[in-house]
Each structure stands twice: as C-alpha cells, then as structure tokens.
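The structure appears right after this line, and notes come after that.
Derivation of every value follows stated rules applied to the coordinates shown; laboratory data play no part. Predicted model, so just to flag it, every value in this text is computed and none were measured. Neighbour counts are summed over all protein chains in view; Cβ atoms, including those assigned to glycine, are modelled from backbone coordinates with ideal geometry.
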Amino acid sequence: MTQPPVIGVIGVGYVGLVSAACFAELGNHVICRDIIPEKIERLRDGHVPIYEPGLSDLVVKNRQRLTFTTEIRDVTEQAGIIFVCVNTPPMYSGDADLTFVEAVIAELPDDIGDVVLAMKSTVPVGTGERMQALLDARGLSHVRYVSNPEFLKEGDAITDFMHPDRVVIGGTDDVAIDRLAQLHAPLETRIVRTDVATAEMIKAASNAFLATKISFINEIANVCEETGADVTAVAEGMGLDRRIGRHFLNAGIGFGGSCFGKDVSALKQLAGNSGYHFQILNSVMEVNELQKRRLVAKLGKHLGSLRDKKIALLGLAFKPGTDDMREAASLIVASRLLAEGAIVRAHDPVASEVARPLLRGVEIHDDVLEMLEGVDAAVLITEWPQYAELDLVHVAKIMRTPVLIDGRNLFAPELAERAGLTYEGIGRPGAVVGNPRRREQDGAASASTEA
Ligand code: UDX
C-alpha cells in the first residue's frame with residue numbers, strides 16, 4: 001500500500017486548522033505552520049485557539065499525525081501538497097489584501113522540490129495568474145499551483161469538510177489536479193476540475209449568491225411587514241421549488257461573519273476595477289446594513305424614546321455555534337442603541353469573552369435570566385438553540401415591559417404572545433402596534449404544504 005502524501009498547511013487560522021485536522025483524520029500526516037509562536041506553542045499542547053464544535057477533539061485525537069511549527073522549511077522539506085490558508089483581509093478600497101499570500105511565495109526556499117501549492121485562502125479572480133508570475137520570477141515554475149477554494153461554514157466546518165457538496169480544483173497541471181483529487185477521494189464527493197480563474201470565480205460567486213439570497217429574503221420580509229404576509233411561510237413555499245431551494249432563505253437582521261461582507265465587497269471591487277458596475281451587489285450590502293437599523297426602529301416603535309431604556313441582547317456572535325464576532329450584527333445594534341441613550345445588556349453562551357472588549361459600555365451577563373430582569377425589551381440577535389428553550393412566561397414576568405423583538409424569527413409568535421410578551425419578528429405578522437391585520441390572520445399564517 002502506498003503511503004498517503006505528507007500535507008503542509010501554511011496559516012493555522014480557522015480554515016487552516018479545520019483542514020489540517022480533517023486531513024489528519026483521513027489518515028494523512030499534516031505539518032502546520034504559522035508565524036505566531038504562541039499559537040504554535042498552544043497547539044502543540046493541544047489547545048485549540050478557536051471555538052468550533054468537534055475541532056478540539058479532532059486535533060487531540062489525531063495529535064500523532066499533526067505537527068505544528070513556525071518554520072516554513074519543516075513544511076517544504078516533507079510535504080508533497082501544501083495548502084495556503086493565510087488570511088486575505090479587506091483593504092480600505094474593498095480589495096482583498098494579498099500581502100500574506102505573496103509572503104508565502106516569497107518564503108518558499110529556492111531548492112523546493114516537486115510540490116503542489118494549493119490556494120485555499122479566499123482570493124480575487126486573477127490571483128492565480130499573479131502567483132504563477134511570482135513563482136516564475138523566482139525560478140520556481142516547477143511548483144504546481146492550483147486553486148482549491150473552501151466552502152466551510154463556521155459551526156459546521158467539520159461536517160462541511162467531511163461531506164462537501166463538491167470539491168473545486170482549478171489548474172492547468174493535470175498531475176497536480178490528480179494528486180489533489182486523489183487526496184479527496186475518501187470524501188466521495190463530486191470533483192469539479194476547471195482552470196484557476198474559474199475556480200476562483202466559483203468561490204466568489206457562490207458567496208455573493210448566498211449573500212444575495214439573504215438580502216433578497218430580507219427585502220421580502222420587509223414587504224411582508226407592509227402587507228401582512230408571513231415571510232417564514234413564504235420561504236417554505238418558495239423553497240419547495242427545487243430551482244430555488246430552502247437554504248439561506250431565513251429572514252433576519254442580516255448576514256455577518258468574516259466572509260460574506262468581505263467577499264461581496266471584493267467581488268464588487270474586482271468588477272469595478274475592470275469597469276463593470278456590479279449593481280446587485282451594491283443593493284445586497286445596502287439592504288444588509290439597513291436591516292440592522294430597522295431592528296432599532298422596531299424598538300422605538302414599541303418604547304418611544306430609547307433614552308435610559310434597558311435593552312437586553314440575546315446573543316452576540318454573528319451566528320450560533322461560534323464565538324466569532326467578526327461583522328456580527330450585535331456590534332452595530334449595540335452601538336446604535338448606546339447612541340440612542342439606551343442602557344444595553346447582553347448575553348451569549350459562548351462569545352461573551354471575545355465580545356467584551358468590542359462592546360465597551362455594554363453590560364455583559366453570564367446568566368440570561370439575570371440579564372432579562374427588569375429590562376424594557378429583549379432583542380434576539382443570535383438564534384442559539386438554548387434561547388428557544390427559555391420559559392417565556394417567566395421571561396415576561398421578570399421584564400419591566402415584556403417586549404420581545406425576534407431578530408431571527410426563532411420563537412413561535414403565538415407562544416410568545418400567549419406567554420404575555422409583545423412579540424415582533426422579522427417579516428411576520430404580530431399582534432403589535434402598526435399591524436392591524438394580525439388578529440384576522442392568526443392561525444392562517446402558515447402555508448400548508450399538504451397536497
Ligand atoms: C460562509 C459560507 O456559507 C461558506 O461557504 C464560506 O466558506 C464562508 O462564509 P459562514 O460565514 O461561516 O460561512 O456562515 P454562514 O452559515 O454562511 O452564515 C453567514 C451569515 O448569514 C450569518 O450571519 C447568518 O446568520 C446569516 N444567514 C444565513 C442569514 O441571515 N439567513 C440565512 O438564511 C442564512
């Protein structure tokens with residue numbers, strides 16, 4: 001039996017570490033390199049610096065197959081396939097900053113052997129060409145460059161890695177593509193072979209499309225609020241059409257996280273740089289911004305002036321299952337509320353510590369019921385499943401005014417109202433100020449899916 005190739009991972013952030021742990025789980029030896037010595041030290045001790053369900057266990061379980069180093073040579077001397085997983089943060093212009101990616105090419109030793117260099121970092125279309133030129137200029141044309149974008153969702157990253165909808169490999173070197181396809185063979189998924197630019201565009205277009213789906217359903221939700229329709233039932237009804245699909249049609253307070261905003265903006269800039277005005281993407285971003293502000297307007301509708309009102313935020317992370325606060329809606333909502341003079345309290349089952357330094361002026365509570373005691377309104381920001389378990393009758397009793405704004409449509413409106421709460425979701429009829437149609441529609445709001 002041939003030995004599986006040694007895998008190298010450069011950049012042990014979120015994508016790098018998940019990929020490394022999963023490749024190790026598939027039986028490969030993986031050498032991970034990062035430039036931050038403390039991170040490497042901690043990983044050697046089995047401490048995973050990010051919250052991702054199952055990741056710590058996977059790293060510990062596969063520790064015999066995982067090596068952590070700060071030396072690039074440790075990777076290049078042993079690995080046959082090297083994944084580049086460094087970050088590509090947005091610059092002021094909205095373009096992706098490729099400094100770290102280029103630094104990887106610059107660091108490759110002159111005597112590097114026959115390796116596949118697979119780009120997993122999210123990079124603009126055209127980066128492959130630029131990297132190939134850098135490799136050629138350094139006399140490293142034999143390095144086999146491919147694009148291998150990742151589609152991992154935080155909170156589900158391990159499942160997404162192990163059961164991908166597809167693996168995209170872009171390149172012109174058949175040997176490199178075959179090696180990468182072979183590495184992914186145990187995943188039994190569809191391998192999409194293409195050129196580098198197309199692979200890069202598949203990633204950019206996929207994220208932009210998903211973000212568009214979210215902004216689209218949020219606009220439908222806003223129109224539902226004007227017309228008395230229920231967006232949750234609308235999404236079910238739409239989603240049954242296989243051409244549309246039900247995924248990513250959950251209306252709410254907009255998307256956050258490190259990818260969507262950055263990737264939409266990078267694609268828009270990329271198009272703009274070549275003279276094309278990508279109109280839809282402008283709207284996608286604008287709708288996403290406004291959606292968070294509408295939430296604050298909803299509070300004002302129920303409470304009048306927000307000055308000195310106590311508002312409790314349920315959830316801070318940009319989505320459940322993570323402690324990631326990057327581009328989290330809670331950051332915008334909290335600072336808007338503080339600007340309106342409100343007293344803001346917040347709770348998150350996992351992200352409190354990460355959030356604390358970002359939310360100056362916000363009282364962060366460890367106990368959700370203690371937070372809700374005496375508040376004028378509660379706002380659901382992140383749909384952590386434990387919030388769905390809250391005893392709403394008790395919640396209504398301990399609040400000063402029992403107003404619940406459900407930014408993710410987590411709660412059943414009828415149950416919330418029966419518990420004594422004044423409930424308002426996103427794009428759902430509620431028995432609240434400004435929606436006289438609600439009562440007539442009670443019970444008829446859900447679309448029946450029976451034939
Ligand atoms: C996303 C992509 O899904 C993934 O393929 C890519 O590799 C990285 O970016 P991630 O940012 O981890 O993954 O989270 P995702 O689950 O996609 O959610 C992004 C944001 O959209 C969250 O704030 C979420 O709350 C929001 N969202 C998602 C909605 O508002 N409605 C939906 O229907 C789905």
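So if I take the centroid of the Cα atoms in the range 11-26 and the same for the range 198-230, what is the distance between those two points in Å?
A separation of 30 Å, based on Cα centres.
Based on the mean of other beta carbon atoms within 10 Å per residue, what is the order of 166-178, 323-335, most packed first?
So the order, starting with the most tightly packed, is 323-335, 166-178.
Provide, for q = 0.06, 0.10, 0.11, 0.12 Å⁻¹, the log10 of I(q)/I(0) from a solvent-free Debye sum over equal Cα point scatterers in the chain.
-0.30, -0.79, -0.93, -1.05
In debye, nearest 20, what is the charge dipole magnitude of the chain about its Cα centre with +1 on Lys and Arg Cβ and -1 on Asp and Glu Cβ, if you could check?
900
Can you bin the range 7-194 into rounded, prolate or oblate? Criterion: square roots of the alpha carbon gyration tensor eigenvalues sorted a ≥ b ≥ c, rounded for a/c under 1.5, prolate for a/b above b/c, oblate for the rest. Don't skip to the end; give the middle numbers.
On the way: a/c = 1.35, a/b = 1.23, b/c = 1.10.
It is rounded, given that a/c, with a ≥ b ≥ c, falls under 1.5.
Among Leu421, Pro49, Ile364, pick out the residue whose Cα is farthest towards the positive end of the charge dipole of the chain, where Lys and Arg carry +1 and Asp and Glu carry -1 on C-beta, about the Cα centre.
Positive-end residue among those listed: Leu421.
Lys/Arg Cβ at +1, Asp/Glu Cβ at -1, dipole of the chain taken about the Cα centre: which of Thr127, Ala342, Leu316 is farthest positive-ward?
Ala342
Going highest first, how would you order 250-258, 38-46 by mean Cβ packing within 10 Å?
Packing proxy ranking, top to bottom: 250-258, 38-46.
When DSSP beta bridges are limited to those with both residues in the chain, what percentage is antiparallel, rounded to the nearest 5?
For the chain, the DSSP antiparallel bridge percentage is about 5.
As a test of the formula, what do you get for the chain when each DSSP H run with n ≥ 4 contributes -39,500 (n - 2.57) and the sum is divided by the residue count, at 222 nm and rounded to the nearest 500 deg cm²/dmol?
One gets -12500 deg cm²/dmol as the mean residue ellipticity at 222 nm.
What whole number of Å gives the distance from the Cα centroid of the range 37-56 to the Cα centroid of the range 363-394?
Distance between centres, Cα-based: 30 Å.
Just want the ordering: Leu338, Leu372, Leu240, from fewest to most Cβ atoms lying within 10 Å of their own Cβ.
Leu240, Leu338, Leu372
Pull out the extension gain between Leu187 and Ala205, defined as 0.36 nm times the separation in residues minus the alpha carbon to alpha carbon distance; nm, one decimal.
Gain in length upon complete extension: 4.1 nm.
Specify the angular offset, from 0 to 90 degrees and rounded to the nearest 10, of the alpha carbon long axis of helix 174-184 from the longest principal axis of the alpha carbons in the chain.
50
Report, ordered by chain and residue number, the lysines lying within cross-link reach of Lys309, taken as a straight Cα distance under 20 Å and ignoring same-chain residues fewer than 8 apart.
Counting by Cα, and skipping residues close in sequence, Lys309 has these lysines nearby: Lys292, Lys298, Lys301, Lys397.
If neighbour count is taken as other Cβ atoms inside 10 Å, put Tyr276, Tyr14, Tyr145 in order from fewest to most.
Tyr276, Tyr14, Tyr145
Once the Cβ-Cβ distance between Ala271 and Thr99 is put in as r, and R0 is 30 Å, what FRET efficiency do you end up with, to the nearest 0.05? Display every interim value, and only then the final one.
Numbers: r = 22 Å, r/R0 = 0.74.
Once the sixth-power term is evaluated, E becomes 0.85.
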